[in-house]
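Participant: Below is a structure I'd like to ask you about.
The values are calculated or read from the model by the stated rules, or taken from the named source; none is laboratory data. All values reported here derive from a predicted model rather than from experimental measurement. Positions of Cβ are generated from backbone atoms using ideal geometry, with glycine treated the same way; all protein chains shown enter the neighbour counts. Note: accessible area is taken over every heavy atom of the protein model, side chains too, but ligands, DNA and RNA are not part of it. Shrake-Rupley method; radii C 1.70, N 1.55, O 1.52, S 1.80 Å.
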Amino acid sequence: MIYLLDLNYTLVANSPKRGDPPIRPFIRQIEQEEYRQWLIELLRPHKVILITARPNRYQDVTLARIKDKCGWEPMDAYFAEINSRPHMIKEHLLKTYILPKYGEDGSGYFGLESNPQTRAMYGRHGINAIRVTDQELMML
């Protein structure tokens with residue numbers, strides 16, 4: 001099983017509330033991010049792909065921050081390379097990179113995803129997905 005891990009609102013524990021203005025410059029927001037360590041510990045022994053709508057120009061700094069704060073890194077990571085809605089960005093990444101590289105069978109993946117539209121998109125590809133929050137400690 002390969003876990004498709006959402007970044008904002010899933011791995012990031014202190015994502016800005018929806019509708020709040022983002023912290024600028026964006027690099028300051030990344031520097032203040034805290035990650036769900038309990039989720040990292042659950043995922044640590046598994047294959048994990050970080051998939052996010054965050055622009056790819058922030059990939060290196062984001063991955064370095066996660067590794068520094070958590071002592072962990074995903075086996076692979078895909079950041080937005082197109083400008084679109086999150087579920088469309090993630091579908092592009094899924095179809096362009098992940099499925100061709102790791103296998104087309106959706107049953108080999110499991111999504112940990114905050115966005116309901118992305119969870120629905122995963123479902124169209126045969127991938128089960130759930131929303132993860134601190135109040136919903138899910139055993140993986």
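Participant: Can you tell me how many residues within the range 109-124 are more than 17 Å from W38 (Cβ to Cβ), open to solvent by less than 50 Å² (accessible area, probe 1.4 Å) and in contact with a Lys or Arg (Cβ under 9 Å, 6 or more places away or on another chain)?
Facilitator: Number satisfying all stated conditions: 6.
Participant: Can you tell me which residues in the range 54-108 are open to solvent by 80 Å² or more (accessible area, probe 1.4 Å), in a loop (DSSP other than H, G, I, E, B) and of a type in the set (A, V, I, L, M)?
Facilitator: Within the range 54-108, just M75 meets the criteria.
Participant: Considering only residues that are in contact with a Pro (Cβ under 7 Å, 6 or more places away or on another chain) and free of Cβ contacts under 8 Å to residues at least 40 places away in the same chain, which ones fall in the range 1-22?
Facilitator: Step one: of the range 1-22, the residues in contact with a Pro (Cβ under 7 Å, 6 or more places away or on another chain) are 5, 16, 22.
Listed by number, the residues that qualify are P16, P22.
Participant: Another question, then. Taking only the range 104-120 into account, find how many residues are of a type in the set (G, A, S) and without any contact (Cβ under 8 Å) to a residue 60 or more places away in the chain.
Facilitator: Residues of the range 104-120 that are of a type in the set (G, A, S), as a first pass: 106-108, 111, 114, 120.
If we keep only those that are without any contact (Cβ under 8 Å) to a residue 60 or more places away in the chain too, we end up with 106-107, 120.
Matching residues across the range 104-120 total 3.
Participant: On to the next question. Can you tell me which residues in the range 1-47 are touching a helix residue (DSSP H, G or I) at 6+ places or on another chain (Cβ under 9 Å), within 23 Å of I127 (Cβ to Cβ), open to solvent by less than 10 Å² (accessible area, probe 1.4 Å) and β-branched (V, I, T)?
Facilitator: T10, I40
Participant: Okay, next question. Going through the range 16-53 one residue at a time, which ones are assigned to a strand (DSSP E or B) and either over 18 Å from M75 (Cβ atoms) or aliphatic (A, V, I, L, M) (or both)?
Facilitator: Of the range 16-53, the ones assigned to a strand (DSSP E or B) are 35, 47-53.
Once the filter is applied, which keeps residues that are assigned to a strand (DSSP E or B) and either over 18 Å from M75 (Cβ atoms) or aliphatic (A, V, I, L, M) (or both), the range 16-53 yields V48, I49, L50, I51, A53.
Participant: Given the residues L63, L93, L112, which is the only one that is out of contact with any helix residue (DSSP H, G or I) (no Cβ under 9 Å at 6 or more places or on another chain), within 24 Å of E41 (Cα to Cα) and modelled with pLDDT of 95 or more?
Facilitator: On the way: L93 fails: within 24 Å of E41 (Cα to Cα); L112 fails: out of contact with any helix residue (DSSP H, G or I) (no Cβ under 9 Å at 6 or more places or on another chain).
Just a single option satisfies the conditions, and that option is L63.
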